[in-house]
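So the structure is just underneath, and the comments pick up after that.
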Amino acid sequence: MADPSPDRDFHRKHGFSPVINVNGTMTGLGASRAVPQAIAAVAEIMPHFVDMHELQSHASMVIQDLTGAEAGFVTASAAAGLSLAVAGCMTGLDPARAEQLPVATGDKCRVPVQMGHLCHYGAAIEQAIALTGATCVTVGQSTQVLDHQLAAALSENVAAAVYVVSHHVVEYGQIPLKRFCEICHAANVPVIVDAASEYDLRGFLRDGADLVLYSGHKFLGGPTSGIVAGRRDLVKAAYIQNLGIGRGMKVGKESIFGVMAALKAWKIRDHDAIRALEAEALSSWLRAVEGFEGVTATIHPDVTHNPLDRLKLAVDPALAGASAGAIGLALSRHDPPIIVRDHEVELGYIQLDPCNLAPGQAPVVAKALAEAFRNAAAGLLSEPDLNESRNQGIRSYLEWG
Ligand SMILES: *Cc1c(COP(=O)(O)O)cnc(C)c1O
C-alpha cells in the first residue's frame, strides 16, 4: 500500500527501509522523532565554538528548573549516565581516583541492586555498573526482595545503590523507592535511580533519590543524550568522570544544546492535545479489529504510570486462525513494515504504542490490522518461531556488516 508521506520520501531518497513504529521508543529504530525545537538547536550550535563547561552550566540550570534538582549535566545516554553516576559515588571529587577507574581501589566499590531490577535495555544494568570497576551485588530473589536483605547488602564497601524504574523490571515483590531510600540513607548510602524512560522529571528526587538518570532521546524527543540530575556534590563527582571512563561516552555540544531545547519544549508542550491524538489513534485501531473472532482488544495504561495508553490485542489462535505472534509477524511484513510491541508475545498478546507515530500513520496501521485479522481468519498467516524471534536482536548484530 503506497504511503505518500514525508517520512516515506525520506527513506526513499536515501535508500533506507521505511518503518512505522508502534512499539515505543526504541534504540534499534532510532529512539524517537526529535521535536522541532531540538532539531533547530542542534543546527544552530554546530558551526560555533563554545566553552563546554559553560554550556553544561546552562544545561544544569535548565535541568534544575525541570527536575527540581540541585544540579545536573548532560551525557551521551542514560546508560552512560548510570556508569558516570556510579563512578562519581565511588570517587567523590577526587580526580586521581577518577583517573584510576575501572581499577577500583577505594573502599566504595559495591553497588546493590534488587534482583527484579536487573533488566536489559539493549545492554545489561550490571554491565553499566561493572564498567566503572564496581561490583554489582544482587539483592533478594527475582520476585521477592525484603528490607533486611537490602540492609545487609549495604553493610560494607558500598558506593551507591541502584534503583530501576521501567516496564522491564519485575512489577511486584520489589522494595518501593521511598522505602528503598529510607533504608539506604540510614546506612549513609546514596540512591541512584535509572528513570531513563520515565516522564516524571520530579517525583523520584522528591521520593528520596540522590541522583536520577533520564534519556534525552526518549519521550523528551531530544538528540541522543542522557541527563544526570540530583544532589550537587554527587552531580559534580559524576561530572568529573569525563576526565576518565566518561571520555569514551563523550557528549557533543549539539546534544547538550539540543536536549536543553527539548527540555524547554517539554515544559510548554500541549500534553493534553498529544494525548487526545494518541487516544484517537487507539480508538481507530480498536474499531479496526471489532467483529473479528478471537481477538480481545483493550486499552491499558502504562505500567510505570507514564501518561500513555497502549492497545493490547490478546489473540486466541483457535478462534482467530492465528496467534498474536503471527499477527505481529504479518504487520512486520506489511509495506511499510509496522513494528509492534511484542516482548510478551508468548503470553498470547501484542501491544500497539501510539506515542511515536508520524502524521498520517495511524490510519495505515488501522487498515493493516484489519487486513492481518482477515488473513488470519482465512488461514493465510504463517506462525513465527518464537525461539527465533527471541534471539533476533543478537542475530541482527552478528549478521551486520
Ligand atoms: C532506555 C533505557 C536505558 C538506556 O537509555 P539510553 O539513554 O538509551 O542509554 C537505561 N535504563 C532503562 C530503564 C531504559 O529504559
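The values are calculated or read from the model by the stated rules, or taken from the named source; none is laboratory data. Keep in mind that this is a model prediction, so the values were computed, not measured. Here Cβ is always computed from backbone atoms with ideal geometry, including for glycine, and neighbour counts include all displayed protein chains. Surface accessibility is based on the protein's heavy atoms, side chains included, excluding ligands, DNA and RNA. Shrake-Rupley method; radii C 1.70, N 1.55, O 1.52, S 1.80 Å.
Summary table below
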read-out: Output for region 50-78, where each listed residue is farther than 12 Å from Tyr239 by Cα, more than 16 Å from the ligand (Cβ to nearest atom) and among the small types (Gly, Ala, Ser); value: Gly68, Ala69
read-out: Of all residues making up region 383-401, the number that are open to solvent by 60 Å² or more (accessible area, probe 1.4 Å) and not in a helix (DSSP H, G or I); value: 5
read-out: Cβ-Cβ under 9 Å pairs, at least 6 apart or on other chains, region 181-203 side in contact (Cβ under 8 Å) with a residue 60 or more places away in the chain, far side among the basic types (Lys, Arg); value: Pro190/Arg231; Ala196/Lys218; Ser197/Lys218; Glu198/Lys218
read-out: Selection status of Leu277, within 28 Å of Ala370 (Cα to Cα) and open to solvent by 60 Å² or more (accessible area, probe 1.4 Å); value: yes
read-out: Extreme residue, modelled with the highest pLDDT, among residues of region 29-46 that are in a loop (DSSP other than H, G, I, E, B), away from the ligand (no atom under 15 Å from the Cβ) and within 26 Å of Gly122 (Cβ to Cβ); value: Val35
read-out: Any hit, region 93-105, residues being within 16 Å of the ligand (Cβ to nearest atom) and among the small types (Gly, Ala, Ser); value: no
read-out: Spans of strands (runs of 3 or more DSSP E) in region 108-213 with at least 3 residues open to solvent by less than 60 Å² (accessible area, probe 1.4 Å) and within 16 Å of the ligand (Cβ to nearest atom); value: 110-114, 161-164, 191-194
read-out: From Gly325, Gly294, Gly258, residue being open to solvent by less than 20 Å² (accessible area, probe 1.4 Å) and either within 29 Å of Pro36 (Cα to Cα) or under 20 Å from the mean Cα position of the chain (by Cα) (or both); value: Gly258
read-out: Only listed residue being at pLDDT 95 or above, open to solvent by less than 10 Å² (accessible area, probe 1.4 Å) and within 22 Å of Met46 (Cβ to Cβ), chosen from Gly230, Gly222, Gly252; value: Gly222
read-out: Selected residue (only one of Leu286, Leu243 is farther than 29 Å from Arg33 by Cβ, modelled with pLDDT of 95 or more and either more than 16 Å from the ligand (Cβ to nearest atom) or open to solvent by 40 Å² or more (accessible area, probe 1.4 Å) (or both)); value: Leu243
read-out: Only listed residue being within 16 Å of the ligand (Cβ to nearest atom), part of a loop (DSSP other than H, G, I, E, B) and open to solvent by less than 90 Å² (accessible area, probe 1.4 Å), chosen from Gly24, Gly81; value: Gly24
read-out: Residues located in region 92-107, provided they are open to solvent by 10 Å² or more (accessible area, probe 1.4 Å) and assigned to a helix (DSSP H, G or I); value: Pro95, Ala96, Arg97, Glu99, Gln100
read-out: Some residue of region 351-361 being under 18 Å from Asn23 (Cβ atoms), open to solvent by less than 20 Å² (accessible area, probe 1.4 Å) and touching a Phe, Trp or Tyr at 6+ places or on another chain (Cβ under 7 Å); value: yes
read-out: Residue pairs meeting the criteria (Cβ under 6 Å; at least 6 apart or on separate chains; first modelled with pLDDT of 95 or more and in a helix (DSSP H, G or I), in region 304-321; second buried (at least 17 other Cβ atoms within 10 Å of the Cβ) and not hydroxyl-bearing (Ser, Thr, Tyr)); value: Leu319/Gly294; Ala320/Gly294; Ala320/Val295; Ala320/Ala376
